[in-house]
Amino acid sequence: MAVRNRIENLMLEVLHNHDDVRENLSGLLGGISKNTEALSELSDILEPLVTGFLFEKDKQLNIILNNGEADLSLSEPDPVTRQQEVFQNSLQNPQNPVLFHNDDLTIKHPGDIELHGIFERRKLEDAKLSKHKVNELEASLSIPGIPALERSHSSVKELLSKGNVKGFGLDGEEVHQALFGLFPNTTEVLKDIIDLENSAFHFSEGEGFIQVSMEGNMNMKGLKAKYENLANILAHIQHVNLDLLDPGEEYTKRPVGTEQEKALLKFIDDAHRGFKFTLDNRGGIPEYQITYTLMQDGDCLLWNDANGIPIPEKPFGFDITKPQRFMLLLQYSLRIKELGCATITMPRVVTNLQFIPYNNETSSEDAYDRRPGFHLTLHYFARQNFLTRMLVSPFMNLKLLRELLMMRFFVHIGHDTCEILEEPDVAQLNVNLRATLLPPPVVLSSCVKSFVRNHVKNQGDLLLYSHICGALSKDLMNLSPK
């Protein structure tokens with residue numbers, strides 16, 4: 001009880017200094033919950049729109065969620081708009097901003113959602129590859145009402161710096177009860193997806209740092225009962241590893257040639273980790289583990305070596321005033337029983353995550369480098385193993401797919417001034433995506449279409465987002481300083 005009281009007092013103290021952030025987050029999450037629930041109730045309307053968008057030629061999908069009201073439409077892209085100079089430039093440089101801008105948004109409330117997407121079939125501009133037809137996907141997502149990055153960063157930093165972990169004398173079970181006791185509504189939702197009673201927190205103290213991990217099992221029974229399509233997806237996952245890596249100075253550029261690829265893979269195996277997430281389904285029940293290492297003053301994370309041992313002399317602190325670059329490593333394998341095989345190990349994916357501060361004054365010839373916010377590109381996409389090549393090569397050009405993913409996949413996440421709400425320290429989240437994909441082969445098209453149709457009809461993921469956001473919104477309001 002003493003530990004719980006100290007944690008609660010700490011959170012309330014920080015909230016007292018950042019009460020506006022708590023209120024903004026609560027309103028934002030409540031709006032997202034209301035809108036995603038409204039969208040999930042329209043699955044019969046959404047399903048033909050999504051399948052038409054993905055599998056018919058040259059379509060534009062518009063989804064506008066405004067205070068619980070949904071406006072959905074599927075249309076032909078405007079040919080005049082598509083000929084604008086900004087779009088022509090984007091074809092030459094896929095890292096340029098996508099077509100959609102936020103000048104004419106119709107959403108007006110925190111948590112409202114406006115999504116536009118265009119999916120077009122075209123030939124590659126490269127003369128050597130001009131015979132190949134590809135699908136160009138571009139999309140834009142806007143959500144008003146998020147706390148501005150600078151304000152959110154200061155709140156989190158104060159919470160971590162005041163929470164001197166060593167001073168709490170933490171016991172895993174006590175902290176487990178304390179944290180979840182503070183968020184009762186969220187706990188009720190999490191019980192349906194995680195086996196909380198058998199989850200565990202582990203704390204390993206060292207000189208100047210503490211390593212924290214949470215591990216446990218997914219609640220497959222609860223998922224099947226309430227979020228069936230998510231349970232089905234989990235059943236097809238054998239293993240997932242997600243790591244935040246220190247990129248190193250010499251590996252900021254994409255590898256060219258076999259020797260550079262080998263050197264990059266060796267670097268990845270030995271690289272320092274700042275955060276690690278693992279999901280293992282080899283035993284039939286998915287087990288998860290989240291691990292990170294925190295400095296004693298709580299101000300920043302520490303990198304770990306490949307064996308998980310902390311490296312105190314090299315801290316990782318996110319600084320919103322400086323450009324930064326990191327790597328995300330994704331390794332996963334799938335269980336595809338429908339194809340008669342137990343496991344397919346997918347190629348390792350390394351993404352380049354770059355942050356450009358909003359006060360950035362550095363000059364660059366690349367417009368991509370000048371846009372503030374987070375930039376995500378594929379840094380490396382490993383070559384497929386023999387089994388994957390044997391299964392997929394007869395139907396798809398894997399070499400071309402790999403090149404397209406590495407050279408023409410781009411995500412930008414940023415925020416702009418929220419003119420809609422006219423509130424201080426409140427921003428509008430903007431996400432832009434551009435990707436060039438190969439059309440699914442005819443022999444697999446019906447299978448892919450069936451999967452998409454069933455997934456959209458069974459809106460377990462949207463319901464889960466709605467339930468979690470709604471529960472967090474209520475808990476944040478209840479954490480109002482006393």
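The values are calculated or read from the model by the stated rules, or taken from the named source; none is laboratory data. Predicted, not measured: the structure shown is a model, and the values here were computed from it. Neighbour counts are summed over all protein chains in view; Cβ atoms, including those assigned to glycine, are modelled from backbone coordinates with ideal geometry. Just so you know, the surface numbers come from the protein's heavy atoms only, side chains and all, with ligands and any DNA or RNA stripped out. Shrake-Rupley method; radii C 1.70, N 1.55, O 1.52, S 1.80 Å.
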Practice task
Kindly indicate whether Pro424 is at pLDDT below 80, under 23 Å from Ala382 (Cα atoms) and either in contact with a helix residue (DSSP H, G or I) (Cβ under 7 Å, 6 or more places away or on another chain) or not hydroxyl-bearing (Ser, Thr, Tyr) (or both).
Solution key: no
Practice task
Return the residue satisfying two criteria in turn: it lies in region 267-321 and is aliphatic (A, V, I, L, M) and in a loop (DSSP other than H, G, I, E, B), and of such residues it is least open to solvent (accessible area, probe 1.4 Å).
Solution key: Ala271
Exercise for the section: Please work out if Gly274 is small (Gly, Ala, Ser) and over 25 Å from Pro323 (Cβ atoms). Expected result: no
Problem - Cross-chain or 6+ apart pairs with Cβ under 6 Å, region 42-55 first and in contact (Cβ under 8 Å) with a residue 12 or more places away in the chain and of a type in the set (Ser, Thr, Tyr), then open to solvent by less than 20 Å² (accessible area, probe 1.4 Å) and part of a helix (DSSP H, G or I) - result: none
Exercise for the section: State all residues of region 217-232 that are part of a loop (DSSP other than H, G, I, E, B) and open to solvent by 10 Å² or more (accessible area, probe 1.4 Å); if no residue qualifies, say none. Expected result: Asn219
Exercise for the section: For region 240-263, state whether one or more residues are crowded, with 16+ Cβ neighbours inside 10 Å, in a helix (DSSP H, G or I) and in contact with a Leu (Cβ under 9 Å, 6 or more places away or on another chain). Expected result: yes
Fill in the blank from the handout: Contact list, first residue from region 176-195 and within 17 Å of Leu479 (Cβ to Cβ) and at pLDDT 85 or above, second anywhere and in a helix (DSSP H, G or I) and hydroxyl-bearing (Ser, Thr, Tyr), beta-carbon distance below 7 Å, six or more apart or interchain, is none
Completion exercise
Only unsatisfied item for Ser199, checking (1) small (Gly, Ala, Ser); (2) at pLDDT 85 or above; (3) surrounded by fewer than 19 Cβ atoms within 10 Å (Cβ to Cβ), is (2)
Exercise for the section: Exactly one condition in (1) within 30 Å of Ala263 (Cβ to Cβ); (2) modelled with pLDDT under 90 is not met by Val240; state its number. Expected result: (2)
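Evaluate region 34-56: report whether one residue or more is on the phi > 0 side of the Ramachandran plot, open to solvent by 30 Å² or more (accessible area, probe 1.4 Å) and more than 23 Å from the chain's Cα centre (by Cα).
Taking region 34-56 as the starting set, the residues that turn out to be on the phi > 0 side of the Ramachandran plot are none.
For region 34-56, residues on the phi > 0 side of the Ramachandran plot, open to solvent by 30 Å² or more (accessible area, probe 1.4 Å) and more than 23 Å from the chain's Cα centre (by Cα): absent.
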